Every structure is written in C-alpha cells, then in structure tokens.
Amino acid sequence: MNSYGCSCRGGCTLLAIGASIILGIVAAVLTFLGTITVGTAFLWVVFGIAVSYLAILLVVAAFSRGFTTRRCICPLLSILITGILGAIITSVILLAITFAATSGIGAIIVGLLVAFFFLIITVTACLVKCVARCEDDDTI
C-alpha cells in the first residue's frame, strides 16, 4: 500500500493531482491572455464552498472516528485539506488585492485557485471510491 490511494496503484490520486495542475496552468495562461476573467462572485462562491467543506469534514471526521480502519483515508484527507486551505487562501488573496486583468501575478494566483478547487473535487471522488472499497479484491 502506498500513500496515494487504497490499492497498490496510486492512479486515482495521481490523476487528480495531475489534472488539477494542468487545469491550473491552463487557467493561469487564459487569465494572463485575457480570455477568462474571475469575478468577485466566483471568488466568494469558492471561498464559501471551501470553508463549508472544511466544517463538514470536521464534523464527519469527529463522528466517524473508529468506524473505519482504511489506511488510505488519512493520506487522501491530507491532500484534500491542502486543496481546501489553498482554495481559501487564494480566494482571500484575490478578494483582498485588486490585480490588473492581465497581471502575471494575478494570473498565477487565479491558476492556483482553479488548481486547488479542482483538487478538492477530484480528491473527493478518490475518497468516495476509497470509502466504497472499489479497489479492494478481498471485500464481500
């Protein structure tokens, strides 16, 4: 077992991280070129989703302690919490500081925001797959 997933292959988590990085780079380039812009409403929505997700994750973790012995959950939760905190921090930075539409630094931060937000979504899918024991061969 490795630290990337529930089975010997770390496919799901590695794909999630890779896809998030690629999507973040694409978003940064498109923001720098002025093709896409990120509005204040989008930043508030990402911030709200990330904060809510963190609160729900806290409640679920508090009540599910001891019910599961899956060794893959903690590494996945570490990556998920990284995505949540990254989304919160980058959305707060973009809300607090006004960047020019095609600013290089602003584009990089938008790319990070998109990468962290997509990481939350994809790692959650990996976590659901792990909890459902989809990769185990010895389950009933």
Mind counting the residues in region 60-92 that are open to solvent by 60 Å² or more (accessible area, probe 1.4 Å) and either touching a Lys or Arg at 6+ places or on another chain (Cβ under 6 Å) or modelled with pLDDT of 75 or more (or both)? 10
Given A55, A62, A100, which one is farther than 26 Å from V128 by Cβ and not charged (D, E, K, R)? A100
Please go through region 27-48 and pick out each residue that is open to solvent by 70 Å² or more (accessible area, probe 1.4 Å), without any contact (Cβ under 8 Å) to a residue 24 or more places away in the chain and assigned to a helix (DSSP H, G or I). A41, F42, V45
Starting from region 112-123, take each residue that is in contact (Cβ under 8 Å) with a residue 60 or more places away in the chain and among the small types (G, A, S) and list its partners that are open to solvent by less than 50 Å² (accessible area, probe 1.4 Å) and part of a helix (DSSP H, G or I), counting only C-beta distances under 6 angstrom and pairs at least six apart or across chains. A115/S20; A115/G24
Name every residue in region 14-25 that is surrounded by fewer than 21 Cβ atoms within 10 Å (Cβ to Cβ) and within 10 Å of V110 (Cα to Cα), in order of residue number. I25
Selection within region 32-46 - modelled with pLDDT of 90 or more and under 14 Å from F117 (Cβ atoms): F42, L43, W44, V45, V46
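The values are calculated or read from the model by the stated rules, or taken from the named source; none is laboratory data. Not measured: the values here are computed from a predicted model. No Cβ is skipped: glycine too gets one built from the backbone with ideal geometry, and neighbour counts run over all protein chains shown. Quick note on the areas: whole protein, heavy atoms, side chains included, nothing else; ligands and nucleic acids left out. Shrake-Rupley method; radii C 1.70, N 1.55, O 1.52, S 1.80 Å.
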